[in-house]
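Colleague: My questions all concern the structure below.
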Amino acid sequence: MPDIALTSIILLCVAALAAGWIDAVVGGGGLLLLPALLLGLPANTPAAFALGTNKAVAIVGTTGASVTYARRAPVDVRTAVRIGLAALAGSTGGAFFAAGMSTEVLKPVIMVVLLAVAAFVILKPAFGTTAPPPGPVSRRRTLAAIGLAGLGIGFYDGLIGPGTGTFLVLALTAVLHLNLVTASATAKIVNCCTNAGALAMFAWQGTVFWQLAVVMAVFNLAGATLGARTALKRGSGFVRIVLLVVVLALVANMAYEQWIA
């Protein structure tokens, strides 16, 4: 592990805590965690180490949120696992191609993703508040979810990662017509698979700072468990405001680092 100042480690742990909470409620914790790692690690650190360490941290919080949701939210585990297996294959492939990416390429891509998420949050304030239609999900919709949320978003998660949870929630809500809480719960199970596939590849490539990841994972797990309980208790309306503020702040900060500083 590189030499990192204690102040930076503390800030990374705080970011992991907040990211776990956000990710468990509406997804997108990587929008906070990965940029924090890109900024907190030494400037000459290859981007693959930020990606790998991010996965090692995120999988712990995602698993904790999944357990909390599974106990209290109605989740079609069979469908979630099928999508998750496709996502596992997609994320493994994405992680394989991510090794050659540089920070200079990664940061602008993340900023575009952040702005897209911010636009969606602003334009769709009532997203996920309607009740799902009655009856089972058709086979056609299930296969579409496997292709889009599984292979497609899984590949993106392994390649870049930030916003995967949010994109999964959006895709599952749109394709399977789930409400936001059920979509979030399902997304956590799928996200566990994408994180596992990507982490396995990063670990094989040796691009994970394990000591830092263990420390940050403790805080990420605490935030994720609290976030899942918050979503189940209070819904997602107030969280969108927090997410929008965080996203816009990250865009401004990364733009400053990229083009001004």
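Colleague: Test LEU85 against the criterion of being in contact with a Cys (Cβ under 7 Å, 6 or more places away or on another chain) and open to solvent by 40 Å² or more (accessible area, probe 1.4 Å), and give yes or no.
Modeller: Yes; evaluated as a whole, the condition is true for this residue.
Colleague: If I filter region 43-63 for residues that are surrounded by fewer than 21 Cβ atoms within 10 Å (Cβ to Cβ), without any contact (Cβ under 8 Å) to a residue 60 or more places away in the chain, within 26 Å of PHE97 (Cβ to Cβ) and of a type in the set (Gly, Ala, Ser), do I get at least one hit?
Modeller: yes
Colleague: Looking at (1) open to solvent by 20 Å² or more (accessible area, probe 1.4 Å); (2) at pLDDT 85 or above; (3) within 14 Å of the chain's Cα centre (by Cα), which is the one condition that is false for ASP23?
Modeller: Among (1) open to solvent by 20 Å² or more (accessible area, probe 1.4 Å); (2) at pLDDT 85 or above; (3) within 14 Å of the chain's Cα centre (by Cα), the lone unmet condition for ASP23 is (2).
Colleague: Looking at region 150-165, which of its residues are open to solvent by 10 Å² or more (accessible area, probe 1.4 Å) and either modelled with pLDDT of 85 or more or within 13 Å of VAL26 (Cβ to Cβ) (or both)?
Modeller: Answer for region 150-165, where residues must be open to solvent by 10 Å² or more (accessible area, probe 1.4 Å) and either modelled with pLDDT of 85 or more or within 13 Å of VAL26 (Cβ to Cβ) (or both): LEU151, GLY152, ILE153, PHE155.
Colleague: Taking the condition open to solvent by 20 Å² or more (accessible area, probe 1.4 Å), modelled with pLDDT under 85 and of a type outside the set (Val, Ile, Thr), does ALA144 pass?
Modeller: no
Colleague: While we're on this one: Just give me the residues in region 26-74 being assigned to a loop (DSSP other than H, G, I, E, B) and under 24 Å from VAL121 (Cβ atoms), in sequence order.
Modeller: GLY27, GLY28, GLY29, ALA73
Colleague: Continuing with the same structure: Hey, can you tell me all the residues within region 212-228 that are open to solvent by 10 Å² or more (accessible area, probe 1.4 Å), within 16 Å of GLY165 (Cβ to Cβ) and of a type in the set (A, V, I, L, M, F, W, C)?
Modeller: Selection gives LEU221, LEU226.
Colleague: Show me the helices (runs of 4 or more DSSP H) found entirely inside region 135-203 where at least 3 residues are in contact (Cβ under 8 Å) with a residue 40 or more places away in the chain and either within 19 Å of VAL67 (Cα to Cα) or within 12 Å of the chain's Cα centre (by Cα) (or both).
Modeller: 153-159, 164-176
Colleague: Residue by residue through region 66-101, note down the ones that are aromatic (Phe, Trp, Tyr) and without any contact (Cβ under 8 Å) to a residue 40 or more places away in the chain.
Modeller: none
The values are calculated or read from the model by the stated rules, or taken from the named source; none is laboratory data. The model shown is predicted, which means the values in this text are computed figures rather than measured ones. No Cβ is skipped: glycine too gets one built from the backbone with ideal geometry, and neighbour counts run over all protein chains shown. Only protein heavy atoms, including side chains, enter the accessible area calculation; ligands, DNA and RNA are left aside. Shrake-Rupley method; radii C 1.70, N 1.55, O 1.52, S 1.80 Å.
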